[in-house]
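Here the structure is laid out as structure tokens; the discussion comes afterwards.
The values are calculated or read from the model by the stated rules, or taken from the named source; none is laboratory data. Keep in mind it's a predicted model, so treat the numbers as computed, not measured. Neighbour counts run over all protein chains shown; Cβ positions are idealised from the backbone, glycine included. Heavy atoms of the whole protein, side chains included, go into the accessibility calculation; ligands, DNA and RNA do not. Shrake-Rupley method; radii C 1.70, N 1.55, O 1.52, S 1.80 Å.
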Amino acid sequence: MLIAGPAAPAQAVTYGTPTIALSASYLSGAVGATGDPVVNVTVGQSGADASALTVSASASSRASVAGTGDVTVTGAGAVRQLAVAARGRGYTDLTVKVTGLGGKSATKTLYYAASGAVQNPADARWFTGSADASAAVDVGGGYAVVADDESNVLRLYDRSRSGAPVKTWDFSSQLGVSKEVDIEGATRIGNTVYWTGSLGNNKDGEYKAPRNAVFTTTVSGSGPGTQLAYGRSYKKLRDDLVAWDKANGNRYGFAAGTADGEAPQQIDGFNVEGLEFAPGSTTTAYLGFRAPLAPAVPGGRALLVPVTNFDQVLASGAKAVFGAGVELDLGGLAVRDIRRNAAGQYLILAGSWAADDNSDPYALYQWDGVPGHAPVKRADLPTTDPGGWEAIVDVPDLTAAGARVQLVTDSGSADLYGDGTEAKDLSHAEWKKARAAWFTLNP
């Protein structure tokens, strides 16, 4: 008979030190926001199933901005999602901790910034990575490409979500520039997107050649699969406009507005901010001017100048040909963007010509695109939110009840976090952001 000996003792499991990694070390939110960005927390531990690990977060500095109870961690396995609900405006550091088996743990610091509450926060989204949004083009599938007037980077965003761009493109090398084009206007015809610089001097009144560029990109795909390819550029449109105005009696003062030392954002300055094609046309495009007003006196009219061969200007470098200026009564405001839909309905985003205009009025006007026909105001826009309204993403059916339009701000000069720092000067791209908001148009 065989007698079994004592069982061998179970071998003790040795657990390694847990690992933790954050998809971003810097995160921005907003007080009262819906759908703020989240951070992915990737964890692991040698000898342990990742689902057995615990992830938590605690406030390690200003709990008045976001405290331990304002952090939510969801998900299971190796990747968790961390969200923060801002309590107040400002900055705070959060300690993110993974606790593993065997009593071992590891931590990372998440640097968090919260901007203040805005009107209708449920309709607000924050596009991060840049604060200086200046033009936007819908590319289908709920996505838009947004330009930046402080760089030449085009960014693809999900219009329904706050957060970083899905893709980016920088066409500086193809444009042959090292400084910003100061992109201010854009429009799409078929698969071609036309982009224009401001064509004006910089804020100090200095001539900067890259700002004279207009260029095209070609769109393929849609939604998150959107791709952009560089097309062609033209760099003499400013010169053509000045020559045309001189030949027509200097009615709009383009020569004076582009003179050395002249700042662009004054009532008699020179600054293009809108671009859209004329009704039923793929050849004639309207350039919308933030300055000058026409004539350049308080209460003057907003100015559009038709470029009647705009397609050929970009396709072959043809010298621009212009039609008569179109002068519109926008209540003393200027053109900040102009966009039409497939039905030929136009929306004009109207705002001040001034350089520091965050507190000045903004409005949306409907127009039929026909010179001599008056635009009609459809909505006044709030001016208490950070930044100035700068871009119309697309135009809904303006005859539909409850029609809604999404606008984007240029928040570059805004003090988002209450420390006196302009958003364009923030040290971390994740804290730079522009606000996108939906507005219902009045009947």
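On the basis of the beta-carbon distance and an R0 of 56 Å, residue 21 and residue 399 show a calculated FRET efficiency of 0.60. Over the range 310-443, the pair-distance histogram of Cα-Cα distances with 5 Å bins from zero comes to 2, 10, 17, 18, 16, 14, 11, 8, 4, 1 percent, rounded to whole numbers. Taking 237, 22, 333 as the candidate residues, the one with maximal mean-square fluctuation in a Gaussian network model of the chain, Cα springs under 10 Å, is 22. Helical content alone sets the calculated 222 nm signal of the chain at -1500 deg cm²/dmol, taking -39,500 (n - 2.57) per DSSP H segment of four or more residues and averaging over every residue.
For the range 103-147, what mean projected area does the convex hull of the alpha carbons give, in nm²? The partial results should precede the final answer.
Working: hull surface 26.0 nm².
The directionally averaged projection comes out at 6.5 nm².
If you model the range 372-443 as an ellipsoid using its alpha carbon gyration tensor, with each semi-axis the square root of five times an eigenvalue, the axes come out at 30, 12, 10 Å, biggest first. A simple spin-label model places pseudo-atoms 7 Å from Cα toward Cβ; at residue 40 and residue 342 they are separated by 3.5 nm. One decimal place: the segment residue 376-residue 318 gains 17.4 nm when fully extended, by the rule 0.36 nm per residue minus the C-alpha distance. Shown in residue order for the range 158-163 are the 3J(HN,Hα) couplings computed by the Karplus curve 6.51 cos²θ - 1.76 cosθ + 1.60 at θ = phi - 60°: 6, 5, 8, 10, 7, x Hz (x for Gly and Pro). Given R0 = 30 Å, the distance between the Cβ atoms of residue 415 and residue 122 translates into a calculated FRET efficiency of 0.80. Taking Cα centre as origin and charging only the Cβ of basic (Lys, Arg, +1) and acidic (Asp, Glu, -1) residues, the dipole magnitude of the range 54-195 rounds to 840 debye. The convex hull defined by the C-alpha atoms of the range 215-356 has an orientation-averaged projected area of 9.8 nm².
For residue 397, the solvent-accessible surface computed with a 1.4 Å probe is close to 80 Å², ligands and nucleic acids excluded. For residue 208, the accessible area of its heavy atoms, probed at 1.4 Å with every protein chain present, is near 90 square angstrom.
Placing +1 on the Cβ of every Lys and Arg and -1 on the Cβ of every Asp and Glu, with no other charges, gives the chain a dipole of roughly 1060 debye about its Cα centre.
With the simple model of a label 7 Å out from the Cα in the direction of the Cβ, residue 73 to residue 356 spans 4.6 nm. Evaluated at q = 0.30 Å⁻¹, a Debye calculation over the C-alpha positions of the range 26-74 (equal weights, vacuum) places log10 I(q)/I(0) at -1.31.
Here the extension length gained between residue 91 and residue 247 equals 50.6 nm, from 0.36 nm per residue of separation less the Cα-Cα distance. Here the simple spin-label model places points 7 Å from the Cα toward Cβ, and for residue 56 and residue 14 these points are separated by 2.9 nm. Kirkwood analysis of the range 253-297, using all unique Cα-Cα pairs, places the hydrodynamic radius at 11.3 Å.
Residues of the range 231-263 falling in the label zone of residue 209, defined by backbone nitrogen less than 12 Å from a point 7 Å along Cα to beta-carbon, are 235-236. The long axis of helix 237-247 is offset from the longest Cα principal axis of the chain by roughly 20 degrees.
Across the chain, counting alpha-carbon atoms alone, Rg and Dmax equal 26.2, 121 Å. Taking all protein chains as shown and a probe of 1.4 angstrom, residue 95 keeps an accessible surface of around 40 Å². When the Cα positions of 91, 136, 75 are compared along the charge dipole of the range 1-154, 75 comes out farthest toward the positive end, with charges on each C-beta of Lys, Arg, Asp and Glu. Think of the range 300-407 as a dipole: +1 on every Lys or Arg Cβ, -1 on every Asp or Glu Cβ, centred on the Cα centre; then among 398, 326, 313, 313 lies furthest on the positive end.
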